[in-house]
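Here is the structure we will look at.
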Amino acid sequence: MIKIDPRRIWLWLTAHIDSLLLSFMLMLMLIGLIVLYSATGQDLAQTTGQMLNMLVALVAMWAVANISPQNLARAALPVYGLGLLLLVGVALFGDVSHGARRWLNIGIRIQPSEMMKLAVPLMLAWFLDRREKTLNLKDFGIAVLMLVVPVGLIVKQPDLGTSLLISAAGFYVLFLAGLSWRIMLGLVAMGAASTPILWSLLHDYQRQRILTLIDPSQDPLGAGYHIIQSSIALGSGGIFGKGWFNGTQTHLDFLPERTTDFIFAVYAEEFGLAGNLILLALYALLIGRGLVIAAKAPTLFSRLLAGSITLTFFTYAFVNMGMVSGILPVVGVPLPLISYGGTSMVTLLVGFGMLMSIQTHRKLVQS
């Protein structure tokens with residue numbers, strides 16, 4: 001009779017799991033379920049659905065955490081190439097929904113742009129690591145091209161939120177690889193100078209979002225409605241909030257998209273400033289842990305990948321909170337680990353799986 005040792009099984013399951021990172025993630029995910037249950041009007045079915053999304057994402061995270069950084073590096077080129085191929089497929093044959101062509105049906109319906117959130121930093125980190133000893137301006141130029149091509153395809157869908165996140169992920173890799181401040185300032189200056197051209201390339205609804213940011217009251221029942229209602233919810237929460245299930249903006253149906261992009265307004269109204277500080281502290285701890293992993297990574301590839309994943313997570317949180325608070329345009333970026341959704345949850349946790357792989361395999365190498 002085969003004897004099963006639970007302790008050995010547990011050690012095998014947790015060998016490549018970073019306990020600190022996982023703890024902060026689970027606390028944020030628990031907050032997400034609590035807020036979602038209120039935001040859905042105590043809809044147990046939708047909350048249970050999100051729990052299943054989280055379970056699938058955790059399994060995906062565990063699987064990626066068990067892949068060594070060396071194998072992640074080997075996968076960079078094929079994953080990036082497949083992502084580009086799928087983006088071209090979206091442009092040619094993608095399904096159109098709500099005026100955007102973002103989905104591709106290949107037996108199952110997928111959104112390739114989500115894949116590129118990880119494929120782009122993975123590819124850039126691999127490319128720059130291979131040229132570590134001879135890294136020059138030409139290499140950075142090639143890396144920028146590798147970033148611009150997928151971002152351009154995603155902008156044309158159009159999907160401004162995802163394109164901004166992928167651009168940020170690529171920028172962080174270039175920045176951490178040592179791109180000169182003078183070059184970065186030059187690019188910023190070029191971007192500022194080309195603002196009139198960029199403005200003309202924006203879709204009408206994208207221009208309206210920017211104008212609404214400046215003055216939401218110009219269209220209070222249309223484009224400005226989201227920002228006005230979320231601002232009311234944020235302010236009415238006060239210091240300690242109105243209490244769970246007691247948010248008036250939420251439960252009187254004033255607040256739109258309250259389970260996805262604007263779930264932070266639900267949380268702020270019900271838990272107030274005190275709750276916001278707890279949420280920010282958890283985000284800060286998770287981001288800090290990610291940066292520690294990046295700082296201690298043994299190779300340039302690992303450092304660039306870990307740093308980019310961590311800082312992109314920061315960008316997710318910053319853009320969503322800024323959008324809900326009315327200091328940034330509405331661009332459709334979910335609040336990480338809190339907003340309802342399966343695809344974004346899996347993408348985030350696969351990224352954290354990469355962080356765990358970098359941390360735990362580093363320990364194995366050193367021992």
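The values are calculated or read from the model by the stated rules, or taken from the named source; none is laboratory data. On a predicted model such as this, the values are computed, not experimentally measured, just so you know. Note that each Cβ is placed from the backbone with ideal geometry, even for glycine, and that neighbours are counted across all protein chains shown.
Lys117 passes all but one of (1) crowded, with 19+ Cβ neighbours inside 10 Å; (2) not in a helix (DSSP H, G or I); which number fails? So Lys117 meets the others, but not (2). Among the residues in region 130-144, are any buried (at least 22 other Cβ atoms within 10 Å of the Cβ) and assigned to a helix (DSSP H, G or I)? For region 130-144, residues buried (at least 22 other Cβ atoms within 10 Å of the Cβ) and assigned to a helix (DSSP H, G or I): present. Listed by first and then second residue, the pairs with beta-carbon distance under 6 Å, at least 6 apart or on different chains, first residue in region 263-276 and not assigned by TED's automatic domain parsing to the domain that holds Gln42, second outside any helix (DSSP H, G or I) and at pLDDT below 95, form an empty list. Against the test of being within 14 Å of Leu335 (Cβ to Cβ) and touching a Ser or Thr at 6+ places or on another chain (Cβ under 6 Å), the options Phe271, Phe245, Phe313, Phe262 yield a single qualifying residue, Phe262. At least 2 residues that are at pLDDT 95 or above and within 22 Å of the chain's Cα centre (by Cα) in each: list the helices (runs of 4 or more DSSP H) lying fully within region 1-77 that qualify. Per the criteria, 19-39, 44-65.
One residue is enough: does region 130-145 have a residue meeting the conditions in contact with a Phe, Trp or Tyr (Cβ under 8 Å, 6 or more places away or on another chain), under 21 Å from Met354 (Cβ atoms) and among the charged types (D, E, K, R)?
No, region 130-145 has no match at all.
Flag set for Ile287, criterion: assigned by TED's automatic domain parsing to the domain that holds Gly235, within 14 Å of the chain's Cα centre (by Cα), under 18 Å from Leu30 (Cα atoms) and of a type in the set (A, V, I, L, M, F, W, C). Could you list all residues from region 83-105 that are touching a residue at least 12 places away in the same chain (Cβ under 8 Å) and among the aliphatic types (A, V, I, L, M)? Scanning region 83-105 gives Leu84, Leu86, Leu87, Val88, Val90, Ala91, Ala100, Leu104.
Scan region 338-367 for residues that are modelled with pLDDT under 85 and within 15 Å of Ala63 (Cα to Cα) and the total you get is 1.
Scanning region 52-76 for residues that are loosely packed, with under 15 Cβ neighbours inside 10 Å and over 19 Å from His361 (Cβ atoms) yields Leu52, Leu55, Val56, Val59. Output yes when any residue across region 273-281 is buried (at least 19 other Cβ atoms within 10 Å of the Cβ) and assigned to a helix (DSSP H, G or I), and no when none is. Looking for residues that are buried (at least 19 other Cβ atoms within 10 Å of the Cβ) and assigned to a helix (DSSP H, G or I), one finds at least one in region 273-281, hence yes.
Condition check for Leu335 on (1) at pLDDT 95 or above; (2) out of contact with any Leu (no Cβ under 8 Å at 6 or more places or on another chain); (3) among the aliphatic types (A, V, I, L, M): one failure, at (1).
A search for C-beta distances below 6 Å between a residue of region 15-26 that is surrounded by 14 or more Cβ atoms within 10 Å (Cβ to Cβ) and any residue that is part of a loop (DSSP other than H, G, I, E, B), counting only pairs 6+ apart in sequence or on different chains, returns His16/Asn66.
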